[in-house]
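These notes concern the structure reproduced below.
Laboratory data are not the source of any read-out in this text; all were calculated from the coordinates shown. Predicted, not measured: the structure shown is a model, and the values here were computed from it. Reconstructed Cβ throughout: ideal geometry from the backbone, glycine too, with neighbour counts over all protein chains shown.
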Amino acid sequence: MATAAEQWVLVEMVQALYEAPAYHLILEGILILWIIRLLFSKTYKLQERSDLTVKEKEELIEEWQPEPLVPPISKDHPALNYNVVSGPPSHNIVVNGKKCVNFASFNFLGLLDNPRVKAAALASLKKYGVGTCGPRGFYGTFDVHLDLEDRLAKFMKTEEAIIYSYGFATIASAIPAYSKRGDIVFVDRAACFAIQKGLQASRSDIKLFQHNDMADLERLLKEQEMEDQKNPRKARVTRRFIVVEGLYMNTGTICPLPELVKLKYKYKARIFLEESLSFGVLGEHGRGVTEHFGISIDDIDLISANMENSLASIGGFCCGRSFVIDHQRLSGQGYCFSASLPPLLAAAAIEALNIMEENPGIFLVLKEKCARIHKALQGDSISEHLPDVMSTASAAQLANVSLFFIQCMDRSIALTQARYLEKEEKCLPPPSIRVVVTVEQTDEELERAAHTIKEVAQAVLL
Amino acid sequence: MRPGPGGCCCRRPVRANGCVANGEVRNGYVRSSAAAAAAAAGQIHHVTQNGGLYKRPFNEAFEETPMLVAVLTYVGYGVLTLFGYLRDFLRHWRIEKCHHATERKEQQDFVSLYQDFENFYTRNLYMRIRDNWNRPICSVPGARVDIMERQSHDYNWSFKYTGNIIKGVINMGSYNYLGFARNTGSCQEAAAKVLEEYGVGVCSTRQEIGNLDKHEELEKLVASFLGVEAAMAYGMGFATNSMNIPALVGKGCLILSDELNHASLVLGARLSGATIRIFKHNNMQSLEKLLKDAIVYGQPRTRRPWKKILILVEGIYSMEGSIVRLPEVIALKKKYKAYLYLDEAHSIGALGPTGRGVVDYFGLDPEDVDVMMGTFTKSFGASGGYIGGKKELIDYLRTHSHSAVYATSLSPPVVEQIVTSMKCIMGQDGTTLGKECIQQLAENTRYFRRRLKEMGFIIYGNEDSPVVPLMLYMPAKIGAFGREMLKRNIGVVVVGFPATPIIESRARFCLSAAHTKEILDTALKEIDEVGDLLQLKYSRHRLVPLLDRPFDETTYEETED
């Protein structure tokens, strides 16, 4: 049966050969001869022509001179010589030997030298020692950490919280855990450096929108929607995130959260909120910008904050729904591959939380002090309810900046220049002076500070 | 080439399955002499040169995976994967209850946050043995630790604390090499005093107003400890790498990174924007080839010469227990004018006669290493990291490091702990405690490793490394080993994929100077028992137990193969 079929096909083939036009046969014949020629021809070895001899390679190795590992730094680089603080950086601070009132540390609630916090940390030190000697996965999880996570989740009224041992690493590890290559992140231009590093590590597409400009953000989201319609299959697997800060470190303004939430549901993007400065400052109970605007916390997918400002400890945390937060326990780089937070710092944070919960009145006091200093420093463009104030100085005046700070310290007001890495920032903020308001500062001190700033600025900068 | 008594010929790597076998002669026993001689003679390249570079024997071994074990491991993973698919199917069709958290109803039409496949491993393999990790403790992580007991009634999806505390568990998992994890003693008292005075937080960055006098003191001490010109300290070891490598190299530079480098080094290299090339683990030929090619051919496509070349290596690789071949790396670095970044996270304090790390261990000059990085978490019982090097380097980092500008500085009591423990190790506190701890750790390491090898386990890594990986291979044994050891009151760390290659799961013991011989003997007895129970004694090169007599040229004891 098979042979009959074969023969039948063969007969067909021979017939076709007879019937084919001549040019066809000739063309086929030429092609076959060409193939045979190529098969038997010598192969070209391009490498042989451009391969270097061993001697030439050695010469190249001899000749090559690398740049020095680091470029030389001049002795008068402004950031080279740090101010040395002797003793604790609390309300009355001793900087470079001068006694000053502290207007530069982010100690908003004055918990840095609170005796209760110190006592709690001391008790923890006596029980656990200092270090944890391991990451969370390998016997580095202490009951104190679990306690702190629990308390933070309850305080922020979310399902779960996760702690990091370093404030910078918190948002820088959280963003790449969710956003990967191919995802789209809409981020504010004035986002802080930690967010920028997190975005860089995530390798996602970054789209910057003008600072606090919801119209600009909407424009970008609309553009993205158009793109999606062109390629719906890709759109179905591309995640979108909006990363904003509650209170921006670089400009001192608050983000317009209600509009953001509206945009979130309209364009189906998730919101990551960085609340390092607004946690423990904004809102009736200090829960941050969501409480300030009265928005349900479930509308925000991830809140990240560091405990180094209001809580006067070290480290950071993320809180949100378990669905979101639990993922970081295996994919947050700063969580899995790093030693956990020393228990004494966690205990200090718990006690600080206790204090915050017991006296919700301090937030109102802080608010009043901020309003006061804003009034006193009138003439600069800033918005309300901010614990720190930016007054801008143009670059031409910067030559005298270090003199400005020395003179302020001579008058017992400790201020600092907002420091940035000029070459690394995506959108370098203008140079500014940081004035930080804390609950410990008295009204007289606030008045004196405002007066001093104006006076010295007149003398030195203008 | 007959090595002298007590000496060792520097092993030449014989590649087999990516594992390096050791041709060595040691006190009292010879390993298949014919094979060793052939292996040693076959690789003459660099042997004589290396003989001069190493002042002490370098014994590192990674025994080949037995074929049957490898096959069974793959079978095991195959079965688990099949069951995984089955369970996913059942969960999807709601036949099985779904325990994990789900997206909000209001956000169901958003693009899903996680890809189902990404979490396949987590859901179906990791979940089953999840109780071996994240064990919460409630005491100081010293030689013995108290673990909070937890139970799961839904196959590890959620845990409940029973309230019981398992007391006095032998701790073989914490990085406590010199035993400074203590809640009593001079370090703790000093830290308590500083806590009273300074408080706990700093609330500012180094460049703004967070630079305390304590930090300056610490940095001077670290510099003198390491034998370098200057040093700088940071709040987190992980961040030290990820924030400073980008400050040192950028686009147009080349980074040569070891295959098994830590995640922080990999992240730092990626964030820097430089080109990254990987060389095989601890393989100097691979490194040399990359260096040669890099200089000769320059940058890809444009052929411009590289601006600088940075070699990233670690002192002790914590998953393999291997020590970097520092003398050879430095020789190569000098020949090809590259820069060396040495991450001594695990080796500082743990290696070397004076505890100064891997440079001290090999008897080399710290000036040869361009960037000496390390952490304070492991041997100093604190937290944070440091970088040491020439003054120009540190000046540059003071002005350009991301951490100095944007991240909070170290907490004062932590700084005090580091200062006190470092002074203790250096002997500056007037006691010999430091020296004793270093010696105790070295003895513990040698003893523990030798005993385990005699029992017949496959142990990876260098003879002198206090990190001891014991091979388990099969996925079921990972969970079984962890649980059985905990039943016998010993806390161990087990690691599987993705921290290790998929078939090379292991248990990792971290030895400490706080472990006494009794503790080690108890642990060894239990490990022996569990090893027999789970059939973990895979090694085919069983060492005959060491006889306590000097090496005699006429007595060769053949190993059992």
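So if we plug the beta-carbon distance of A:GLU444 and B:THR354 into 1/(1 + (r/R0)^6) with R0 = 51 Å, what FRET efficiency do we get, rounded to 0.05?
Plugging the Cβ-Cβ distance into 1/(1 + (r/R0)^6) gives 0.35.
To the nearest whole number, what is the average tally of beta carbon atoms from other chains within 10 Å of the beta carbons of peptide B:130-141?
Across B:130-141, the average partner-chain Cβ count within 10 Å equals 6.
In peptide A:293-306, what is the residue-averaged number of other protein chain Cβ atoms found within 10 Å of each Cβ?
1
Scan around B:THR205 for amide H atoms under 5 Å from its own, H built in the peptide plane at 1.01 Å from N, and keep only partners 5 or more places away or cross-chain.
Placed amide hydrogens put B:GLY210 under 5 Å from B:THR205.
Hey, if you put +1 on the Cβ of every Lys and Arg and -1 on every Asp and Glu Cβ in segment A:115-358, which of A:VAL144, A:GLN224, A:GLY280 ends up farthest toward the positive end of that dipole?
Positive-end residue among those listed: A:GLN224.
Once each part is reduced to its C-alpha centroid, what is the distance from segment B:64-113 to segment B:408-447 in angstrom?
Measuring centre to centre over Cα atoms gives 46 Å.
What average count of beta carbons from other chains do you get within 10 Å of the Cβ of residues in B:394-405?
Shielding by partners across B:394-405 averages 6.
I need the calculated FRET efficiency for the pair B:ARG87 and B:THR522, taking r as the beta carbon distance and R₀ as 51 Å, to the nearest 0.05.
Numbers: r = 39 Å, r/R0 = 0.77.
The computed FRET efficiency comes out at 0.85.
Amide H neighbours of B:TYR339 under 5 Å, counting only residues 5+ apart in sequence or on other chains, H built in-plane at 1.01 Å?
Placed amide hydrogens put B:ILE309, B:LEU310, B:ILE311 under 5 Å from B:TYR339.
Considering only DSSP beta bridges whose two residues both sit in the protein assembly as shown, what percent are antiparallel, to the nearest 5?
Restricted to the protein assembly as shown, the bridges split so that about 60 percent are antiparallel.
Work out the charge dipole of chain A with +1 on the Cβ of Lys and Arg and -1 on the Cβ of Asp and Glu about the Cα centre, then indicate which of A:ALA177, A:CYS192, A:ALA376 is farthest towards its positive end.
Checking the options against the dipole of chain A, the answer is A:ALA177.
Leaving out same-chain residues fewer than 8 places away, which aspartates and glutamates sit with a Cα under 18 Å from that of B:LYS477?
B:ASP131, B:GLU504, B:GLU526, B:ASP528, B:GLU529, B:ASP532
Please say if segment B:138-195 is rounded, prolate or oblate, where rounded means a/c under 1.5 for a ≥ b ≥ c the square roots of the C-alpha gyration tensor eigenvalues, and otherwise the choice is prolate for a/b larger than b/c and oblate otherwise? Intermediate results must be reported in sequence, preceding the final value.
Numbers: a/c = 3.10, a/b = 2.29, b/c = 1.36.
Cα axes put segment B:138-195 in the prolate bin.
Towards the positive end of the charge dipole of chain A, with charges on Cβ (+1 Lys, Arg; -1 Asp, Glu), say which of A:THR416, A:ILE93, A:LEU260 has the farthest Cα.
A:ILE93
With labels modelled as points extended 7 Å from the Cα through the Cβ direction, what inter-label distance (nm, one decimal) is found for A:GLU358 paired with A:ARG203?
Label at A:GLU358, label at A:ARG203, 5.0 nm between them.
Enter the Cα centre distance for the pair segment A:199-213 and segment B:450-465, rounded to the nearest angstrom.
So the separation of the two Cα centres works out to 50 Å.
Using alpha-carbon positions, what is the distance between the centroids of segment A:243-296 and segment A:97-118, in Å?
26 Å
Taking B:LYS334 as the anchor, which lysines have their alpha carbon closer than 26 Å to its alpha carbon, excluding any fewer than eight residues away along the same chain?
A:LYS55, A:LYS57, B:LYS55, B:LYS251, B:LYS280, B:LYS289, B:LYS292, B:LYS307, B:LYS308, B:LYS390, B:LYS391
Which distance in nm do the two modelled labels at B:LEU534 and A:ASP298 give, with both placed 7 Å along the Cα-to-Cβ direction?
4.3 nm
Work out, step by step, the length gained on full extension between B:TYR447 and B:THR302: first 0.36 nm times the residue separation, then minus their alpha carbon distance; give nm to one decimal.
46.8 nm
Past the 28 Å Cα-Cα mark, which pairs from A:LYS75/B:LYS435; A:LYS426/B:LYS105; A:LYS99/A:LYS126; A:LYS197/B:LYS220; B:LYS378/B:LYS453?
Over 28 Å apart, Cα to Cα: A:LYS75/B:LYS435; A:LYS426/B:LYS105; A:LYS99/A:LYS126; A:LYS197/B:LYS220.
Given the DSSP H assignment, sum -39500 (n - 2.57) over each helix run of at least 4 residues in chain A and divide by its residue total; what's the result at 222 nm in deg cm²/dmol, nearest 500?
-13500 deg cm²/dmol
Multiply the residue gap between A:TRP64 and A:LYS230 by 0.36 nm, knock off their C-alpha separation, and tell me the result in nm, one decimal place.
Additional length available on full extension: 54.7 nm.
Under the Karplus relation 6.51 cos²θ - 1.76 cosθ + 1.60, θ = phi - 60°, what is the ordered set of whole-Hz ³J(HN,Hα) values for segment B:215-232, x standing for Gly and Pro?
5, 5, 4, 4, 5, 5, 5, 4, 4, 6, 4, 7, x, 10, 6, 8, 8, 9
Can you give me the distance in nm between label points at B:GLU196 and B:GLU216, each placed 7 Å from the Cα along the Cα-to-Cβ direction?
2.5 nm
Suppose every K and R has +1 on its Cβ and every D and E has -1 on its Cβ; what is the size of the dipole of chain B about the Cα centre, in Debye to the nearest 20?
1240 debye
How much of the DSSP beta bridge set in segment A:230-383 is antiparallel, as a percent to the nearest 5?
45 percent
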